[in-house]
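Q: Handing you a structure now.
The values are calculated or read from the model by the stated rules, or taken from the named source; none is laboratory data. Quick caveat, the model's predicted, so the values are computed rather than measured. Glycine also receives a Cβ, built like all others from the backbone with ideal geometry; neighbour counts cover every protein chain displayed. All accessible areas refer to the heavy atoms of the entire protein, side chains included, with ligands and DNA or RNA removed. Shrake-Rupley method; radii C 1.70, N 1.55, O 1.52, S 1.80 Å.
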Amino acid sequence: MLLSLFSGVALALAALGIYGVISYSVARRTAEFGIRMAMGARPKDVLGMVVGQGLRLGLVGVAAGAVGAFALTRFIRGLLFGVDAFDPVTFVVMAVLLVAVTAFACYIPARRATRVDPMIALRYE
């Protein structure tokens with residue numbers, strides 16, 4: 001029960017961190033999004049670009065975490081009861097969950113990027 005609580009807090013902190021990084025990136029690139037929108041990019045294109053970039057970072061993190069988890073499972077083998085250290089279902093479910101959380105955390109700043117008014121964004125600089 002305690003491990004589930006800690007893992008939920010860790011997942012929430014990871015989502016908050018991803019949201020913060022992507023939100024900061026979107027805020028720094030306001031002029032770029034304004035220029036893209038002025039040149040004819042549709043909001044769907046900007047949304048896909050921001051979410052895609054965030055998902056790429058998330059997938060790299062999930063891959064690095066999976067490699068690290070596979071490497072470190074022999075150290076926690078004695079702490080696991082009723083589950084194998086190399087349980088593929090657990091690894092797949094957690095990877096999918098982390099990618100879904102990453103997509104949701106990227107979606108909110110991406111929606112904000114689609115609402116950039118090109119004239120305001122260009123005057124911003």
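Q: Sort out the exposed loop chymotrypsin sites (Phe, Trp or Tyr not before Pro) in the chain (DSSP loop, at most 16 other Cβ within 10 Å) and tell me the longest stretch that has none.
A: 1-80
Q: Follow-up. Quick one: 3J(HN,Hα) in Hz for the range 5-22, Karplus 6.51/-1.76/1.60 with θ = phi - 60°, rounded, Gly and Pro as x.
A: Result, rounded to whole Hz: 5, 5, 5, x, 5, 5, 5, 5, 5, 5, 5, 5, x, 5, 4, x, 5, 5.
Q: Evaluate the Debye formula for the range 61-108 with equal point scatterers sitting on the alpha carbons, no solvent, and hand back log10 of I(q)/I(0) at q = 0.14, 0.17, 0.25 Å⁻¹, in q order, two decimals.
A: After summing over all Cα pairs, the log10 values are -0.41, -0.57, -0.94.
Q: Can you tell which of MET39, MET94, MET49 shows the greatest fluctuation in a Gaussian network model of the chain with Cα springs below 10 Å?
A: Checking each option, the largest mean-square fluctuation is seen for MET39.
Q: Tell me, what are the semi-axes, in whole angstrom and largest first, of the equivalent ellipsoid of the chain as set by the roots of 5 times the Cα gyration tensor eigenvalues? Numbers along the way, then the final one.
A: On the way: eigenvalues 298, 34, 23 Å².
Gyration-tensor ellipsoid for the chain: 39, 13, 11 Å.
Q: To continue, here is another question. Summing -39500 (n - 2.57) over the DSSP H runs of n ≥ 4 in the chain and dividing by its residue number, what mean residue ellipticity at 222 nm do you reach, to the nearest 500 deg cm²/dmol?
A: After summing the helix terms and dividing by the residues of the chain, the value is -29000 deg cm²/dmol.
Q: Among PHE6, PHE81, ILE22, pick out the residue whose Cα is farthest towards the positive end of the charge dipole of the chain, where Lys and Arg carry +1 and Asp and Glu carry -1 on C-beta, about the Cα centre.
A: With unit charges placed on the Cβ atoms, the residue in question is ILE22.
Q: Further question: Taking all protein chains in place and a 1.4 Å probe, what share, in percent, of the accessible surface of the chain do carbon and sulfur account for?
A: 73
Q: If you don't mind, there's one more thing I want to ask. What accessible area per residue comes out for the chain, rounded to a whole number of Å², with a 1.4 Å probe?
A: Computed with neighbouring chains in place, this is 69 Å² per residue.
Q: If you don't mind, another one. Would you work out which of ALA38, ILE108, THR90 lies farthest towards the positive end of the dipole of the chain, given +1 charges on the beta-carbon of Lys and Arg and -1 on that of Asp and Glu, about the Cα centre?
A: After comparing all options, I get ALA38.
Q: By the gyration tensor of its Cα atoms, with a ≥ b ≥ c the square roots of the eigenvalues, what is the shape of the range 1-54: rounded for a/c under 1.5, prolate for a/b over b/c, or oblate? Could the numbers behind the result be given before it?
A: Numbers: a/c = 6.43, a/b = 3.09, b/c = 2.08.
Verdict is prolate for the range 1-54.
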